[in-house]
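Have a look at the structure below, then the notes.
What follows is calculated from the coordinates using simple rules that are stated; it is not laboratory data. Since the model is a prediction, treat every value here as computed from it, not as a measurement. Positions of Cβ are generated from backbone atoms using ideal geometry, with glycine treated the same way; all protein chains shown enter the neighbour counts.
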Amino acid sequence: MSNLLHGHPHRSAPIIDPVSASTYSVLLREYQTYVCVEKGLRPLTCEAYSGDLRTFAEFLETRNGILVNATQDDVSAFLEHLRAHGIDSRTAARKLSCLRGFYKWLLLDRRIHHDPTLNIESPKTWKVLPKSLAEQEVTEMMERAALAASHPQARATALRDSAILELLYGGGLRVSEVASLSASDLALDAGRIQVRGKGDKERIVPLGRAAVDALQRYIDEGRPHLARVRKTRSRMDAAHLFLSLRGMPLTRNWIWRLVKAAGNGASPHMLRHSCATHMVEHGADLRSVQLMLGHADISTTQIYTHLALGRLKAVHRTHHPRARRRGTESNTRPDGAPGESA
């Protein structure tokens, strides 16, 4: 990246601590250490951030720029470049979020005077309601898994798969959260589970009867068989809740394949959003959904706002006296006042 390391002579963002070719990679390593250690982000998230920064650095190279003297025009052009190459708005928004964090860190560390991501709007369509399954589709998926698990000679894997599906939908968990669960995280007698989410933030997630029953049966009848054949001596691996036929912790990709096979192309993320969507449709408030799903900011949960508004309109039409159609109330006086009850 020879051009990446030589800034444009007319750039408006002054540099306090210019980055040379030998320190460019050091800068990225320092930031990765910052987000992994100080911010507590998961390794996969840290790797994704590093990849996003490298992508932006390569784009800057074509404009004779470097990371520390990028301008607002560079960031805007980068987003337009992503759009032109078919990158969906949600992915573009994630990359912009990465850049915001990076330049905030540089600013706080006094390596730059100006944040080039200021006043840059996220792609307008990125907060589209994610795809979710209809309630009937989820019901059919769960019933198929439960039927396999209810067989008198049900295999341990059938019990495990049913428990995973019930947990993804019943608790709205992320696939990474399911994969990292330990048996000690369960409190089935209290109907809840302790989850470690993004940034290692912990939250308590309530579980319904179907999820509790599926998990209890897996713990009692399924997991002991899988743990017995484990090939690893690692105490950490042995503590994982969901194990493979070889007694190893299940991977995120494995769980993705399980859900896809169970639901005709569904995904763990789709079950998570189905959980949130169905809760809001049945009257849950956004704050409760935010706490259950582990969204750090209520703005993330607000993608479900239109569902809540739809229900609010229906409630208004049903219960507000001025919203009812004329002639639908038998106990109304001609002057519009309510009549006396019998």
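Under a 5 Å amide H cut-off, with hydrogens placed 1.01 Å from N, SER182 pairs with LEU241 among residues at least 5 apart or on other chains.
For a straight C-alpha distance cut-off of 12 angstrom, the aspartates and glutamates reachable from LYS201 (same-chain residues fewer than eight places away being disregarded) are GLU177.
Projecting label points 7 angstrom from Cα along Cα→Cβ for ALA227 and ARG322 puts them 6.2 nm apart. Database remark: amide H of GLY197 closer than 5 angstrom to the amide H of GLU202, ARG203 (H placed geometrically; neighbours at sequence offset of 5 or more, or on other chains; Pro and chain starts carry no H). Per-residue Karplus couplings for region 277-293, computed as 6.51 cos²θ - 1.76 cosθ + 1.60 with θ equal to phi - 60°, are listed in order as 4, 5, 5, 5, 4, 9, x, 5, 7, 5, 5, 5, 5, 4, 5, 5, 7 Hz, Gly and Pro entered as x.
Which of the trypsin sites (Lys or Arg not before Pro) found in region 182-230 are in a DSSP loop and have at most 11 neighbouring Cβ atoms, other than their own, within 10 Å?
Details: sites: ARG192, ARG196, LYS198, LYS201, ARG203, ARG209, ARG217, ARG228, ARG230; in loops: LYS201, ARG230.
For trypsin sites (Lys or Arg not before Pro) across region 182-230 that sit outside H, G, I, E and B with at most 11 neighbouring Cβ atoms in 10 Å, the list reads LYS201.
Close amide H contacts of ARG192 (hydrogens built in the peptide plane, cut-off under 5 Å, sequence separation of 5 or more or a different chain): ALA187, LEU207. Hydrodynamic analysis of region 135-314 uses the Kirkwood radius over alpha carbon pairs. Inserted into Stokes-Einstein at 4 °C and 1.567 mPa s, it gives a translational diffusion coefficient of 77 µm²/s. Working note: Karplus 6.51/-1.76/1.60 with θ = phi - 60° gives region 201-216 the couplings 7, 9, 8, 9, 10, x, 10, x, 4, 4, 5, 4, 5, 5, 5, 5 Hz, where Gly and Pro are set to x.
Remark: region 138-217 is approximated by an ellipsoid whose semi-axes, taken from the C-alpha gyration tensor as √(5λ), come to 22, 12, 11 Å, largest first.
Once the piece of chain linking LEU147 and THR300 is laid out straight, how much longer is it, given 0.36 nm per residue of separation minus the C-alpha distance between them? Intermediate values should be presented prior to the final figure.
Working: separation 153, 0.36 × 153 = 55.08 nm, distance 3.56 nm.
Between LEU147 and THR300, full extension yields an extra 51.5 nm.
Annotation for region 68-163: trypsin sites (Lys or Arg not before Pro) lying in DSSP loop with at most 16 further Cβ atoms inside 10 Å of their Cβ are ARG110, LYS124, LYS127, LYS131, ARG155. In order along region 170-181, the Karplus-derived 3J(HN,Hα) couplings, from 6.51 cos²θ - 1.76 cosθ + 1.60 at θ = phi - 60°, round to x, x, x, 7, 6, 4, 5, 5, 5, 5, 9, 5 Hz, and Gly and Pro are given as x.
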